[in-house]
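The structure appears right after this line, and notes come after that.
The values are calculated or read from the model by the stated rules, or taken from the named source; none is laboratory data. What you see is a predicted model, and the numbers here were worked out from it, not measured in a lab. In this analysis, Cβ positions are derived from the backbone assuming ideal geometry, glycine residues included, and neighbour counts consider all displayed protein chains. With ligands, DNA and RNA removed, areas are computed over all heavy atoms of the protein, side chains included. Shrake-Rupley method; radii C 1.70, N 1.55, O 1.52, S 1.80 Å.
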Amino acid sequence: MSANFEYDLVVIGAGSGGVRLARMSAQKGARVAVIESRYLGGTCVNVGCVPKKLFVYGSRVGEDLEDAAGYGWNIPDDNIQFDWPTLVANKNSEIHRLNGIYKTMLENAGVTIIEGTARLEDAQTVVVGERRISAAHITVATGSWPVVPDIPGKEHMVTSNDMFYLPQLPREAVILGGGYIAVEFAGILAGLGVKTTLIYRGDLFLRGFDEDVREFTAGEIRKKGIDLRFNVNIDSVTPDGAHYKVALSDGSTLSTGLVMAATGRRALTDGLGLEALGVEMTKSGHIAVDSHFQTSVPSITALGDVIGTPQLTPVALAQGMVLSRRLFGDGEGEMDYSAIATAVFCHPNIGTVGPIESEARERYGRLRIYRSEFKPMRHTLSGRDERSMMKLIVDDASDKVVAAHMVGPDAGEILQGLSVAIKAGATKAVFDSTVGIHPTSAEEFVTMREPHSVG
Ligand code: NDP
């Protein structure tokens with residue numbers, strides 16, 4: 001802590017990572033300010049995980065109502081209505097409540113909140129409007145922003161930022177991309193009754209996920225009526241009356257009410273003045289840091305989406321804690337990126353932890369693959385044609401379960417517990433000796449006895 005500076009730490013960006021770092025550092029006695037130009041809570045709270053999950057819940061209700069008949073509920077379907085503005089308004093009040101909680105949390109920890117856009121004047125001075133703020137340490141936690149591909153008519157495409165505030169739902173939508181955001185929004189829109197087409201440039205979407213998961217998910221999503229089109233791209237978007245004409249690379253065209261780009265996110269460093277200070281950047285445009293979040297300038301650190309590690313809130317939160325301990329606490333701890341579980345909240349969900357099969361084979365050699373595919377019990381009476389898939393990857397030599405992948409209801413919830421077992425190094429023998437919870441889908445993970453394949 002230094003008396004020569006107004007603050008011990010200035011954090012630029014009040015998203016998940018920045019807020020966690022600011023709070024923890026202030027609780028350790030540091031004098032901390034956090035600068036935010038947009039909204040407290042960052043992408044996750046405002047235009048990401050939280051409102052997305054609320055929309056996912058909303059989009060499931062339609063199927064629940066349909067499924068009810070098999071359980072004896074008579075719900076006349078001639079008067080069922082969905083009102084998009086109500087969902088958006090209720091979501092907005094919840095986000096507003098969370099913004100308030102973030103403010104209170106920061107204030108209670110003794111963090112000064114400064115509203116405005118930050119620019120680094122030198123390695124230990126940040127300028128916000130007329131104000132110059134000196135700090136012993138500066139952390140850049142400015143996050144990321146959706147990228148729209150450079151194609152004719154790109155100005156007509158919306159991004160996830162816009163999806164949370166659409167004034168009305170279109171009848172048809174086209175989504176470009178095959179990653180988390182494209183697949184989740186395809187599920188949301190289709191669940192809310194929008195005729196949805198997903199355009200992906202490669203052979204099969206969800207690149208980076210387990211091969212079986214990708215294929216199985218494609219099959220389940222198609223059953224929901226989502227038109228998945230692979231090996232094709234969007235060449236241009238042209239307004240056409242109240243619609244848009246979307247020209248595809250295979251020569252065909254689509255007419256639609258909305259075109260969304262879900263084509264990745266770039267590091268948000270605009271206007272910070274990092275280059276002038278000699279802060280090194282990576283080829284992908286992220287801030288280059290070492291394993292201690294240290295940039296090439298000694299007083300400047302960075303964390304979260306802006307440094308190019310997995311763009312996930314829990315990763316940024318963990319980074320904030322590690323960095324706070326390093327700057328003001330007891331250690332030089334490093335972030336452990338192993339066995340990070342993640343979920344895609346499409347319908348049904350994907351949950352995953354550990355390497356995909358092809359990576360595991362490279363890393364471990366001989367594997368035992370356990371795989372189970374079944375109709376979830378709920379759909380025995382609902383009659384819905386929806387199936388689940390679970391997969392365990394076991395290193396044959398050590399018997400350790402190195403990965404678990406699932407497509408099915410509540411996969412995200414189920415995989416969180418499994419990630420603890422996998423991180424703890426549980427063997428297949430431990431899984432086998434674990435008594436299941438019956439009747440659940442999750443019990444399949446401890447009852448798969450015969451390998452689907454070995455080698
Ligand atoms: P992703 O990187 O996951 O996916 C981007 C997709 O867009 C890929 O399918 C990519 O294709 C495609 N693409 C990229 N550039 C172009 C282009 N020029 N033309 C056509 N297609 C293109 O990004 P998202 O935007 O989906 O999400 C960003 C990140 O946010 C995720 O990686 C994830 O870390 C995080 N996130 C996490 C969520 C969760 O935890 N549930 C939910 C939402 C987001 P290709 O595969 O060929 O490169």
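Under the rule of at least 5 residues apart or a separate chain, name every residue whose amide H is placed under 5 Å from the amide H of L367.
The list, which skips near neighbours in sequence, is D396, G455.
With an 8 Å cut-off on Cα pairs and a minimum separation of 6 or more residues, tell me the relative contact order of the range 206-287 in percent.
14
Which shape class, rounded, prolate or oblate, goes with the range 1-94 when its Cα gyration tensor gives a ≥ b ≥ c as root eigenvalues, a/c under 1.5 marks rounded, and past that a/b bigger than b/c marks prolate?
prolate
Using only alpha carbon pairs under 8 Å that are at least six residues apart, calculate the relative contact order of the range 317-455 and give it in whole percent.
On the way: 236 pairs, mean separation 35.8, N = 139.
Relative contact order here is 26 percent.
Relative to the longest principal axis of the C-alpha atoms of the chain, give the angle of the C-alpha long axis of helix 49-67, reported between 0 and 90° and rounded to the nearest 10°.
Result, in degrees: 10.
Report the Cα centroid-to-centroid distance between the range 156-226 and the range 400-432 in angstrom, as an integer.
Here the answer is 27 Å between Cα centres.
Suppose every K and R has +1 on its Cβ and every D and E has -1 on its Cβ; what is the size of the dipole of the range 353-395 about the Cα centre, in Debye to the nearest 20? Please list the in-between numbers first.
On the way: 10 positive and 7 negative charges, 32 e Å.
Its charge dipole is roughly 160 debye.
Listed highest first by mean packing, meaning other Cβ atoms within 10 Å per residue, what order do 185-191, 209-215 come in?
185-191, 209-215
For the range 333-455, with only Lys/Arg (+1) and Asp/Glu (-1) charged at the beta-carbon, what is the dipole magnitude about the Cα centre, in debye rounded to 20?
It works out to roughly 240 debye.
Ranked from the most accessible area to the least, with a 1.4 Å probe and all protein chains present, what is the order of E275, E450?
Most to least solvent-accessible, the answer reads E450, E275.
Provide the per-residue ³J(HN,Hα) series for the range 272-277, in order, calculated from phi with Karplus coefficients 6.51, -1.76, 1.60 and θ = phi - 60°, each as a whole number of Hz, with x at glycine and proline positions.
6, x, 5, 4, 4, 8
Using θ = phi - 60° and the Karplus form 6.51 cos²θ - 1.76 cosθ + 1.60, what ³J(HN,Hα) does each residue of the range 87-103 get, whole Hz, x for Gly and Pro?
Values per residue, Gly and Pro as x: 4, 5, 5, 5, 4, 4, 5, 5, 5, 4, 4, 5, 4, x, 5, 4, 4 Hz.
For the range 140-250, what class follows from the C-alpha gyration tensor (a ≥ b ≥ c being the square roots of its eigenvalues): rounded when a/c is under 1.5, otherwise prolate if a/b is larger than b/c, else oblate?
rounded
Helix-only mean residue ellipticity at 222 nm, the chain, DSSP H runs n ≥ 4 weighted -39,500 (n - 2.57), per residue, nearest 500. What is it?
Value at 222 nm, helices only, nearest 500: -9500 deg cm²/dmol.
Compare the peptides 29-39, 146-156, 55-65 by average per-residue count of other Cβ atoms within 10 angstrom and give them in order, highest first.
29-39, 55-65, 146-156
Provide the percentage of antiparallel DSSP beta bridges, counting only those with both residues in the chain; round to the nearest 5.
65
Report S25's accessible area, 1.4 Å probe, all protein chains in place, as a number in Å² to the nearest 10.
My reading of the accessible area for S25 is about 0 Å².
Ignoring ligands, DNA and RNA, please state the percent of accessible area on the chain from carbon and sulfur, probe 1.4 Å.
Roughly 51 percent, rounded to a whole number.
Need the list of aspartates and glutamates near K245 for cross-linking: C-alpha distance under 20 angstrom, and skip anything on the same chain fewer than eight residues off.
D150, E155, D162, E172, D227, D235
Which lysines, if any, have their Cα less than 23 Å from the Cα of K28, not counting same-chain residues under 8 positions apart?
K103
In sequence order, what are the phi-derived ³J(HN,Hα) couplings for the range 191-204 according to the Karplus relation 6.51 cos²θ - 1.76 cosθ + 1.60 with θ = phi - 60°, rounded to whole Hz, with x for glycine and proline?
Listing the rounded values in order: x, 8, x, 8, 6, 10, 10, 10, 10, 10, 6, x, 5, 8 Hz.
Which of K52/K91; K195/K223; K91/K223; K52/K391; K224/K391; K52/K423 have a Cα-Cα distance over 21 Å? Display every interim value, and only then the final one.
Values: K52/K91 9 Å; K195/K223 13 Å; K91/K223 28 Å; K52/K391 27 Å; K224/K391 23 Å; K52/K423 28 Å.
Pairs exceeding the cut-off: K91/K223; K52/K391; K224/K391; K52/K423.
Relative contact order for the chain: what percent, with Cα pairs under 8 Å and sequence separation of 6 or more?
So the answer I get is 15 percent.
Quick one: ranking I75, I95 by accessible area, 1.4 Å probe, largest first, what do you get?
I75, I95
Treating cross-link reach as a plain straight distance, find the aspartates and glutamates whose alpha-carbon is under 20 Å from the alpha-carbon of K400, omitting any fewer than eight places away in the same chain.
Answer for K400, where 20 Å is the Cα cut-off: D210, D336, E357, E359, E362, D432, E443, E444, E450, listed by chain and number.
In Å², what does the accessible area per residue of the chain work out to with a 1.4 Å probe? Mind showing how you got there, number by number?
Values: 20660 Å² over 455 residues.
Here the per-residue accessible area is 45 Å².
Could you tally the net charge around I234, taking each other residue with its Cβ under 10 Å from the Cβ of I234, Lys/Arg +1 and Asp/Glu -1?
Summing Lys/Arg as +1 and Asp/Glu as -1 gives +1.
Among rounded, prolate and oblate, which fits the chain when a ≥ b ≥ c are the square roots of the eigenvalues of its C-alpha gyration tensor, a/c under 1.5 means rounded, and a/b larger than b/c means prolate?
The shape class here is oblate.
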